[in-house]
Structures are given as C-alpha cells and as structure tokens.
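Taking it in order: structure first as structure tokens, then the write-up.
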C-alpha cells in the first residue's frame with residue numbers, strides 16, 4: 001500500500017472520548033448529581049459508580065492504545081478540583097496529574113476538556129452560568145488547572161458543546177438547571193462564548209504551550225415544513241445553535257483549533273412543544289431517536305471550516321445495541337470526513353464517541369455508544385466490540401475499506 005492509497009494521511013489522529021462524570025463514578029459534589037437525584041428532573045437514573053474509571057484509568061488507556069488509538073479525549077471534574085469557592089484540592093490535582101501522565105506514557109495525545117457539562121454545586125448555587133461572577137470564577141479555575149497540569153495537556157478543550165449547555169439547560173429543561181426560558185437560553189449562550197474566550201486567555205498564560213480550542217455540536221438543522229414561518233424559525237434556531245459560536249470565535253482569540261461534534265440531522269418545528277419534529281419516515285434512527293444522516297457531517301465540517309481553524313472531529317457516534325449498525329455508521333461517517341477533506345476541509349483527526357458504554361446524562365445507562373462494552377454487574381469488566389477492532393484496522397491503515405476485513 002502506498003500513501004496515496006490511504007483515505008487518511010500519516011499523522012492523522014485517531015481516538016475515542018469520555019467525560020469525567022460519565023465514567024469516573026462518585027462525582028457527588030456537582031449539579032448533575034443533584035439533578036439525577038431530583039424526582040422532578042428529566043434524569044432517569046443516577047450516575048452512581050460510573051464505570052469506575054477513577055480507579056481504572058491506566059488499564060483503560062492501555063486498552064485503547066492496544067486498539068490502535070493514538071489520542072484520547074477526556075475531561076477534568078471541576079467539582080473535585082475546586083470543591084468549595086477558591087478551595088483547590090491538591091489531592092484531586094495530584095490524581096489528574098497521575099492520570100494525564102499515564103495517558104502520555106500510554107502514547108496517547110491528550111485532548112483535555114476543562115468543562116464537560118458539570119458544574120460544582122457551589123457554582124450552580126451562585127446562579128451557574130448566569131451568575132454575576134460566572135466568567136471570572138471559571139477563568140480562575142482554568143488558570144489553576146493550566147498552572148498545575150498544563151505541561152500534560154497538548155490540546156485543551158475549553159468548553160464542551162456550549163450551545164447544548166444552553167439549549168438543554170435553559171430552553172428544554174433536559175439538563176441542569178432545568179430551565180425553560182427563551183430569554184435565559186439566549187443569554188446563557190452568549191455567556192458561554194465569553195467563557196470560552198476567558199479560558200483561552202488562561203491557557204495562553206499558562207505553562208506547557210497547550211493548544212486551546214472549542215468543541216461545538218453542529219447538528220444539521222432543517223425546517224420540518226416548507227413554509228415561511230417554519231423556515232424563518234429554523235433560521236433563528238440555527239443562528240443560536242450554530243452561527244453564534246462559530247461566528248463569535250472571530251471576535252477575540254478563537255484558540256488554535258475547533259472540535260466538530262456531529263450526530264444527526266434535526267427538523268425544526270415551531271408548532272412542536274419540543275421545538276423539533278421527529279425524523280421523517282425512511283430515516284434510520286438510533287437508540288436516542290436521532291436520524292442517521294452521514295452527509296450532515298460533511299456539510300457541518302464545511303460550515304466549521306469557514307472559521308479558518310484546523311478541525312478535529314471530537315465526537316461522532318451512534319447509540320445502538322447492534323454493533324453491525326455501529327460498523328455501518330463508522331463507515332458512512334468516515335466516508336463523509338474523507339469527502340470533506342477532499343473538498344478542502346482541514347480535518348486532522350477523528351475521535352469517536354464514545355470509548356466505552358457509559359452514563360448518558362438524562363438517558364442514564366440505556367444508550368450504548370461505546371466501542372467497548374462494560375459489565376457494570378461484573379466488576380466493570382471491559383469487553384471490546386467488533387467495532388473496536390474495525391476501528392483499530394482503520395487507524396492502522398488509514399483505509400476505510402479495512403473496516404470489513406476478517
């Protein structure tokens with residue numbers, strides 16, 4: 001095989017992602033723990049012990065390396081690091097230093113997320129992202145993390161999916177703080193954009209030369225009906241969910257890269273109490289009810305490329321019990337990445353969601369996104385799925401066709 005035979009170049013980054021609250025277990029001091037235990041919330045169950053990665057990170061990193069990964073995306077739990085206002089836990093920082101050292105020792109390039117959905121309980125009590133001191137408090141946390149750990153964080157993701165933090169938490173009420181208010185939704189989105197810029201400043205001033213970036217979820221939005229009202233409403237939703245954060249990156253230092261997270265095409269409907277319509281007949285759906293639409297990834301990569309930043313797919317995957325569906329999803333979505341690259345999009349890596357079956361926020365442990373199964377009733381045993389080995393073959397060869405090899 002020659003280099004020209006490959007779909008992806010040498011040096012392309014291949015990995016999978018996790019988030020602290022979804023895998024660590026025992027994160028009892030954040031707003032999500034409270035949300036999970038509120039009978040009135042949308043949460044179906046408690047995160048509990050997660051998949052016990054707080055204790056098993058080293059073996060997990062070794063497993064991922066054995067499966068051909070050369071990078072890994074994970075997050076730090078703010079509520080462990082700063083359990084009370086201005087009180088930083090040296091024990092937690094030492095734990096994350098050991099963890100990030102193990103990641104580097106395993107030969108995995110780290111994409112380290114500073115905020116992945118969860119807030120310390122004390123921060124939430126002060127108003128969360130709408131509190132009067134939200135941005136300086138977040139910036140203080142980021143500066144402390146970079147001071148302590150910056151030498152072990154090659155890539156720093158400032159905030160995971162700020163649009164979804166705003167949408168789910170302040171308009172849909174599906175995530176903490178469980179608010180349904182269009183005015184607060186828009187306000188939260190703008191605060192989160194400012195928080196990203198504050199975090200970039202903190203990373204720039206820190207140690208280690210970390211490369212900061214933002215990870216945005218970019219659904220392909222379309223009107224549910226071909227009428228003026230529906231089209232106009234779709235345009236307004238797109239302005240908040242997509243355009244606000246992509247266009248807003250140019251206002252200040254945007255960072256060094258942009259993470260694109262894509263899962264589905266969504267149909268916007270102002271007549272729906274949920275603001276979105278179910279996918280039309282004929283579309284395959286995941287366990288989450290999401291429409292599978294691979295070309296949406298190609299289209300949203302081009303939309304993200306308009307920022308001028310190098311791109312990494314930092315999340316993409318399917319919730320399914322049928323691993324053959326995951327193989328099909330990988331094949332079709334990686335083909336969309338190769339097409340976007342051939343058309344000029346500067347995509348430099350692909351990070352699958354997720355590395356393991358884990359806690360999926362308000363949906364609990366039902367949806368299965370992982371390349372690796374976890375038996376939570378049998379000492380959290382890890383079992384790679386056929387898709388994990390298929391992913392390893394693609395990472396080793398740069399060729400999508402090897403996915404079907406036997």
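The table below lists the values:
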| item | result |
| --- | --- |
| Extreme residue, surrounded by the most Cβ atoms within 10 Å (Cβ to Cβ), among residues of the stretch 124-136 that are part of a helix (DSSP H, G or I) and either free of Cβ contacts under 8 Å to residues at least 24 places away in the same chain or touching a strand residue (DSSP E or B) at 6+ places or on another chain (Cβ under 9 Å) (or both) | 124 |
| Identity of the residue in the stretch 308-322, closer than 21 Å to residue 344 by Cβ and in contact with a strand residue (DSSP E or B) (Cβ under 6 Å, 6 or more places away or on another chain), that ends up surrounded by the most Cβ atoms within 10 Å (Cβ to Cβ) | 314 |
| Subset of the stretch 298-316 (residues that are closer than 12 Å to residue 220 by Cβ and free of Cβ contacts under 8 Å to residues at least 60 places away in the same chain) | 298, 301, 302 |
| Residue match in the stretch 174-181 (condition: in a helix (DSSP H, G or I) and either at pLDDT 95 or above or under 30 Å from residue 104 (Cβ atoms) (or both)) | no |
| Selected residue [farther than 17 Å from residue 219 by Cα and not in a helix (DSSP H, G or I)] from 319, 335, 281 | 281 |
| Inter-residue pairs, beta-carbon under 8 Å, first over 15 Å from residue 302 (Cβ atoms) and in the stretch 257-269, second in a strand (DSSP E or B) and modelled with pLDDT under 95, 6+ apart | none |
| Subset of the stretch 270-304 that is touching a strand residue (DSSP E or B) at 6+ places or on another chain (Cβ under 8 Å) and crowded, with 20+ Cβ neighbours inside 10 Å - its residue that is farthest from residue 346 (Cα to Cα) | 291 |
| Candidate set: the stretch 249-268, residues that are surrounded by fewer than 20 Cβ atoms within 10 Å (Cβ to Cβ) and in a helix (DSSP H, G or I); chosen: the one farthest from the chain's Cα centre (by Cα) | 251 |
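The values are calculated or read from the model by the stated rules, or taken from the named source; none is laboratory data. Because the structure is predicted, anything quoted here is derived from the model rather than measured. Here Cβ is always computed from backbone atoms with ideal geometry, including for glycine, and neighbour counts include all displayed protein chains.
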